[in-house]
Amino acid sequence: MILYSYSSEASSWRAEDAQSVSAPQPRKLVWNLSDETKRDILESAEKLDRLVDDVDLWVFVFKHFGKGFMKSVKQSPDAYIQVSFQLAYFRLYQETVPSYESASTSQFQLGRTETIRASTPEATAFTHNMDRNDISNETKVQLFKDAVAAHVKYTREAMSGEGIDRHLLGLKLTAQEAGLPIPNIFLDPSFGKVFSFKISTSQVPSKHKLVLCFGAVVPDGYGICYNPRETEMPIAVSSFCSCPSTDSGRMAAAIERALLDIHSILKTPTKSKL
């Protein structure tokens, strides 16, 4: 993960604020390396450079509004943003794909994370109907609210240990550790497809003006990191240059448009029922 500060106001910490600590002077270590090890190091450095050069990273700050507006229309900011990602991807590729968001399971002993699967049936219904001219604004708003509610429900379930991903992983690892044959479900092609997250996301909230970035988890996918702030939102989108079907700049533009279009339907006055 990469950390960016896009403003000098990101932190008021100063070097002179740190306590003076006496420590022994550093001593340079001399390594005795064989020619084979030197070659391995050189090859690894070249491989790392190729991997770095293959990352298509697009960082921007969405300044039109932030989580303050989302809360003002009584919608979960995280769910609002996640549904926007779904809409952005659907507009570019005309398909719904497995989407990952991390949920904390810290309420359990040794708990770490569970997967929030953002591509819910409700989110799919919204993305498939958002751009239809024969659908009323009121219907689009209701579809969006249904998608947000479904995401919030899934999030709560995942945080409560009721997700599917970690349970399935546990079953697979149990079989491996017991020396048992891997159950057929894990060998089915559909299982691999369901766990190929073309949209991998994480919210990293911070009161400071920071942008965090991470890479896509599949060759033809996107990694999206976001920091919802009150009036703006730093977003980082990554993909791989070697994949002809992905483009971080296009995805970033699609996300911005999706956020604005959802804002527009929520702000459009509804027709009187009188």
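The values are calculated or read from the model by the stated rules, or taken from the named source; none is laboratory data. Everything numeric here is computed off the predicted structure, so don't read it as measured data. Please note: Cβ atoms are built from the backbone with ideal geometry, for glycine as well, and neighbour counts cover all protein chains shown. Ligands, DNA and RNA are excluded from the accessible area calculation, which covers all protein heavy atoms including side chains. Shrake-Rupley method; radii C 1.70, N 1.55, O 1.52, S 1.80 Å.
Along the chain, the exposed loop sites are GluC sites (Glu not before Pro) outside DSSP states H, G, I, E and B with at most 14 other Cβ atoms within 10 Å, and the longest stretch free of them is 1-94.
Restricting segment 94-139 to chymotrypsin sites (Phe, Trp or Tyr not before Pro) that sit in a DSSP loop and have at most 16 other Cβ atoms within 10 Å of their own Cβ leaves Phe108. Of all lysines in the structure, those lying under 24 Å Cα to Cα from Lys28, and not within fewer than 8 positions of it along the same chain, are Lys38. Taking the chain as a Gaussian network of alpha-carbon nodes connected by springs under 10 Å, the highest mean-square fluctuation of the residues Asp40, Asp78, Asp220 belongs to Asp40.
With the highest mean first, a sort of the peptides 181-187, 139-145 on other beta-carbon atoms found within 10 angstrom per residue produces 139-145, 181-187.
Compared with the dominant principal axis of the Cα atoms in the chain, helix 77-93 is inclined by about 90°.
Of Leu168, Leu48, the order by accessible heavy-atom surface (1.4 Å probe, DNA, RNA and ligands excluded), from most exposed downward, is Leu48, Leu168.
For every helix of n ≥ 4 consecutive DSSP H residues, a contribution of -39,500 (n - 2.57) applies; sum these over the chain, divide by its total residues, and give [θ] at 222 nm rounded to the nearest 500 deg cm²/dmol. All intermediate terms of the calculation are to be shown ahead of the outcome.
On the way: 8 runs with 113 residues, N = 274.
The helix-only estimate for the chain comes to -13500 deg cm²/dmol at 222 nm.
Suppose R0 equals 35 Å; then what is the FRET efficiency for Leu173 and Asp220 from their Cβ-Cβ distance, rounded to the nearest 0.05? Don't skip to the answer; put the middle values down first.
Numbers: r = 27 Å, r/R0 = 0.77.
Rounded to the nearest 0.05, the efficiency is 0.80.
Taking only Cα atoms, what is the 0 to 90° angle, nearest 10, from helix 137-159's long axis to the longest principal axis of the chain? With both axes taken from Cα atoms, the answer is about 40 degrees.
Axis angle, to the nearest 10 degrees, between helix 165-177 and the longest C-alpha principal axis of the chain: 40 degrees. Rounded to 0.05, the FRET efficiency of the Arg50 and Gln94 pair, given R0 = 30 Å and the Cβ-Cβ distance, is 0.40.
The trypsin sites (Lys or Arg not before Pro) found in segment 48-78 that occupy coil by DSSP, while having at most 16 further C-beta atoms within 10 Å, are Lys63, Lys74. In the assembled protein chains, Ser22 presents an accessible area of approximately 120 Å² (probe radius 1.4 Å). Of the residues Arg250, Arg91, Arg112, the one that moves most in a GNM of the chain with alpha-carbon contacts below 10 Å is Arg112.
Straight Cα distances below 20 angstrom link Lys145 to the lysines Lys67, Lys71, Lys74, Lys153, Lys267, Lys271, Lys273, with same-chain residues fewer than 8 positions distant left out. When the Gaussian network model of the chain links Cα atoms closer than 10 Å, the mean-square fluctuations of Ser200, Ser245, Ser34 top out at Ser34.
Once the mean of 1/r is taken over each pair of separate Cα atoms and inverted, the chain shows a Kirkwood hydrodynamic radius of 21.6 Å. Once the Cβ-Cβ distance of Ser34 and Gln107 is raised to the sixth power relative to R0 = 45 Å, the FRET efficiency obtained is 0.35. Near Lys207, which aspartates and glutamates are there with a Cα under 18 Å away, not counting those fewer than 8 places off in the same chain? In chain and number order, the partners are Glu9, Asp78, Glu230, Glu232. Label positions at Asp188 and Lys71, each projected 7 Å from the Cα along the C-beta direction, are separated by 4.3 nm.
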